[in-house]
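Rule-based calculations on the coordinates, nothing more; no lab input. Since this is a predicted model, take the numbers as computed values, not measurements. Here the Cβ positions follow ideal geometry from the backbone for every residue, glycine too, while neighbour counts run over all protein chains shown.
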Amino acid sequence: MFKTLEDVQKYCAENQIVMVDFKMTDLDGRWRHITIPIERFTEDTMEYGIGFDGSNYGYAPVENSDMVFIPDLSSAAIDPFMEVPTLTMIGDVKIIAQPSNKDFDQYPRNVVKHAEEYMRECGIADEMMIGPEFEFHVFDRAAYQVQAENTFYQLDSTEAQWHSGAEGPNNGYHVGSKDGYHICAPKDVAQDLRSRICLKLAERGVDIKYHHMEVGNPGQMEIEVELGTLSQMADATMLIKYMVKNEAVREGRTATFMPKPVYAQAGNGMHVHMLLMKDGKPLFYDENGYAGLSETAMFFMGGLLKHAPSLCAFTNPTTNSYKRLVPGFEAPVTIGYATSNRSAVIRIPAYAKSPSKKRFELRSPDATCNPYFTYAAILMAGIDGIKNRIDPSANGWGPYDFNLFTLPKEELAKIQSLPSTLEGALQALEADHEYLLAGGVFPKRLIEIWIDRKRAEGRKIEQIPHPAEFAAYYDL
């Protein structure tokens, strides 16, 4: 939005802005923030930054070095959810060093930038363009508790089928089980909510393709965006989640991107469409290739499929992720590619026919990921595929131009699958991460701390008695 501090100060004076808010991304992919009065936003802020303790954000400590946040003026915008007029912006994290500051290599925004730089240094492409699809649930109520004597969660949605017999206000319009896809008003009660979210995103430069209700009946929705560069879309992903959650709260509701918040209903994925550009030309198109894809596209795909198990440690980084990645739903678990086949990990949309739009999508990720790490890891896997000419067909990963969900068990057993647990994904990352270290994009210490942190998180959750265990075992 701005290029100079003077531009910011002038804008704030003209718009009665009194606070400046700085948002930083922690290791897990949550925004944290610090706010200062506008009078304290000076040239010193831009040059020396704002110091903070990165260990509280989950990062490994850096010996004998101070960590500082440097604002990115181009990201500045008014925060629409603050009552006190507040300008908000994101930025980068650096380490104080001589003769000049250097990037903190564990910081997510730096990792994705380094991945793009490595891609260009390899001469592979100038830009990677991606377009995530954001699925989420909006509930009227979400309560949960984890205590020694009481562990539960309760969800409610007035549009859900389970609400049809509720006392009190009840208009009789409810969405049946797995019947929400593109359902219309009055059953779709969140049309205006989604439109308001999309309008706010458009004001912030995020181009919206469309929004609609999704399959899951208790308030599942989707917002799909137009393609953007890797760094742009990583920033946009953080903004989209912020807008969705805060606009829902403003309306007295609550939103979650949990992959599987509702048992036996469709889960929330974040399918990622992708293509490469060089010298202004698309690299994934070849009219004579399979489904119109070039050799470069196929090798990129081969890298993704080879490293799919270890990628899951970043693309699906929660225990809840693996309650979505189960056979029989639209979330794929088999490692392979196909055209227009939603049961394959990689799907090639048949409708994307023009050279500039020829692409494929990775369907396994979900939005509980840290988008910077996820998008960077996807690019690094693809680069490895191109550099080593990994042919997905020669490696037996397809094309699977048939429904994998209906294969006989003995045939399905022959096809490699994604990890079925978070621990399985972490083990895969331990065994297969050299492709991430190339070019110094992912520091080894970051991968080590990620594995340790996520492993501890998973073990803690595994130790908690589950309500379903009481139903199954209490009387034994």
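Once you put a point 7 Å from the Cα of Glu203 and another 7 Å from the Cα of Ser74, both along the Cβ direction, what distance in nm separates them?
2.3
Highest mean first, what order results for 122-128, 46-52 on Cβ atoms within 10 Å?
Ranking, from highest mean packing down: 122-128, 46-52.
Taking a cut-off of 16 Å between Cα atoms, list the lysines near Lys187, but don't count ones fewer than 8 places away on the same chain.
Straight-distance partners of Lys187: Lys178.
Which chymotrypsin sites (Phe, Trp or Tyr not before Pro) in segment 311-361 pass both tests, a DSSP loop state and at most 15 other beta-carbon atoms within 10 Å?
Of the chymotrypsin sites (Phe, Trp or Tyr not before Pro), the ones in loops of segment 311-361 whose Cβ has at most 15 other Cβ atoms within 10 Å are Tyr351.
Which value, in debye to the nearest 20, describes the size of the charge dipole of the chain about its Cα centre when Lys and Arg Cβ atoms bear +1, Asp and Glu Cβ atoms bear -1, and nothing else is charged?
Magnitude of the dipole: close to 780 debye.
Excluding Gly58 itself, calculate the net charge of residues whose Cβ lies under 14 Å from the Cβ of Gly58, where each Lys or Arg counts +1 and each Asp or Glu counts -1.
Net of charged neighbours comes to 0.
Using 7 Å Cα-to-Cβ label points, what is the Gln416/Cys122 separation (nm, one decimal)?
About 1.7 nm separates the two model spin labels.
Just subtract the alpha-carbon distance of Val326 and Tyr153 from 0.36 nm times their residue separation and send over the number in nm, one decimal.
Gain on stretching Val326 to Tyr153: 60.1 nm.
Using 18 Å as the cut-off for backbone N distance, which residues of segment 400-421 belong to the label zone defined by a point 7 Å from the Cα of Arg455 along Cα→Cβ?
419-421
Just how far, in whole angstrom, is segment 1-48 from segment 349-408 if you go by their alpha carbon centroids?
38
Could you put His212, His466 in order, starting from the residue whose Cβ has the fewest other Cβ atoms within 10 Å?
In order of increasing Cβ crowding within 10 Å: His466, His212.
Leaving out same-chain residues fewer than 8 places away, which lysines sit with a Cα under 22 Å from that of Lys444?
Partners within reach: Lys94, Lys102, Lys113, Lys306, Lys387, Lys454.
Return the label of the correct value of Cα extents along the principal axes in Å, as calculated from the structure shown, out of (i) 87, 67, 38; (ii) 65, 62, 48; (iii) 69, 57, 41.
(ii)
Sorting Phe402, Phe104 on the 10 Å Cβ count, fewest up front, what's the list?
Ranked by crowding around the Cβ, least crowded first: Phe402, Phe104.
If we count other beta carbons within 10 Å of each Cβ, what is the order of Val18, Val84, fewest first?
Val84, Val18
In segment 116-188, if the dipole is taken from +1 on Lys/Arg beta carbons and -1 on Asp/Glu beta carbons about the Cα centre, which of Pro169, Phe134, Thr151 is farthest to the positive end?
Most positive-ward Cα: Pro169.
Distance in nm between label sites at Glu14 and Glu224, each 7 Å beyond Cα in the beta-carbon direction?
Result: 3.8 nm between the two label points.
Treating only the Cβ of Lys, Arg, Asp and Glu as charged (+1, +1, -1, -1), what charge dipole size does segment 5-104 show about its Cα centre? Round to the nearest 20 debye.
Dipole about the Cα centre, nearest 20: 160 debye.
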